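Asker: My questions all concern the structure below.
Read the figures in this text as sums done on the coordinates, not as results from a lab. None of the values given here were measured: they were computed from a predicted structure. Reconstructed Cβ throughout: ideal geometry from the backbone, glycine too, with neighbour counts over all protein chains shown.
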Amino acid sequence: MKRIQKRKHGRTSDSLHASSATHVIKIGFDMRKPGDARPVPGKLRGFLLCRDSLGQDNNLQIDLDAMQTLGVGEQQIAQAKAGQLKAAPGLLPTELNFVLVHDAIRAPGGTWEYPGTFGESYECWNKAGLFCFGDGVVAQRRQDDRTRAKIDCVPVGREDTEAKEFCKQSVGKECKAHSRLILCLFSADADNRPQPLSKALGWQARYRFDTSSEYNPMRILADLDAAADRCNGKLHGLTGTLNCNLQKKRYEGGVAPVMQIMFQISEADIREREASLRQMYLEDRRVLALPAPEEAPETSPFEEAVSEHTGFTVEPEQVESPEDEIAAAEFSTDEPFSEEAETEPEAEQDPADPLDGYSDETLADSLSAFAADHLGDYAGYEYVGQKTGKTIRKPIENIDWFFDGQPGVKDRARRDLLRQICRDLLANPKVKFPLIPEMDLEAEGVAAN
């Protein structure tokens, strides 16, 4: 099945409105009476959880089950609506526990993006729907003939811009910033174990929080970016809290009370994720017996290598625990894959090497032909298990493995292992290892002419 490449009205699959949510987190409500054409906004001194579905009164249905789990009943909700921001504290919850569902990804410019978790855009709506939307640089605006044109997105107050260039819709407050945060909420049971807040959907429930504030998204992105930097974008499963606090905001006409959102990811979870990724990182080095980070010289090409398991760019680091020191000690320069052994000049190698004159590709073809479907019986490497402390043999099942290493030390290590396996087979009197003759390309070209 194919997907649509260009959708109507310039819509894209990563649009804010394309994100899936089953519930809504609100800090306000619609006070309009029957017959009113436009919404009348009301403000709440806490969170109100609703299903993302309209009821008979044309308002979102309150999720009473979830609110009761948080210790809030219908009477408290009614009192909170009646008092709005002047209501007594404690009627509604002001802290929600969440778990992140998606990882972050690197954008081409190097910044982090959070598909399925957070997005924002400038939007202008009218009776016909979404009139214009943009990111502060480029916008798409609907034309009279129902097409959309790309224009400069210049919201009011944008830096490096003169006032005469500001968008008229932004100056008139018709265009506003719109941000959406999507989370999975949970609460703790009597044994302090996490339980999904939605009894009907369980961990599949998704709660969206929409805001037109300019400051709330900045705080949310700051915390997401900091966690993504430390965890290399691996945010899935991290927990945190979403808080709302009553503050004052200064406007041109004075000061008004507002609800301020605080988004915080658990520091304990981040440290645990860092430790887990560090462990995978060390295991990656252990498998191929590469030099420990602190032993690699500053100019080592391995500093630019990328771990296959974690996606980390490998850089020299200090050993932080006794286990790390043990792991680092195993990577001595006496190992066959050490950088000193790999960078020795050609003149210092054994001139009696039986594989001199054979390319890595020819040796791979010879080994593949000899082993056939039993490559793992002849090719493999050993490492010491981190938990058991036992030596484990890892068979190599695919001949292409020898050529799939990252450029630099890891690539040379795999190729050296290939040559060593072939040397061992040649020296083994119990097997007959036939070397495929190396093609003499120059002689072949002369014969062809």
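Asker: Given a cut-off of 25 Å, name the pairs among K6/K168; K2/K176; K2/K26; K150/K173 whose C-alpha atoms lie farther apart than that in the structure shown.
Answerer: Beyond 25 Å: K6/K168; K2/K176; K2/K26.
Asker: Additional query: Ranked by Cβ crowding within 10 angstrom, fewest neighbours first, how are R219, R38 ordered?
Answerer: Fewest-to-most ranking of R219, R38: R38, R219.
Asker: Continuing with the same structure: Sequence neighbours fewer than 8 away in the same chain don't count; with that in mind, list the lysines whose C-alpha is under 21 Å from K234.
Answerer: none
Asker: Right, next: Classify region 65-155 as rounded, prolate or oblate from the Cα gyration tensor: take a ≥ b ≥ c as the square roots of its eigenvalues, call it rounded if a/c is under 1.5, otherwise prolate when a/b beats b/c and oblate if not.
Answerer: On the way: a/c = 3.26, a/b = 1.71, b/c = 1.91.
Oblate shape, in that a/c is at least 1.5 and b/c is the bigger or equal ratio.
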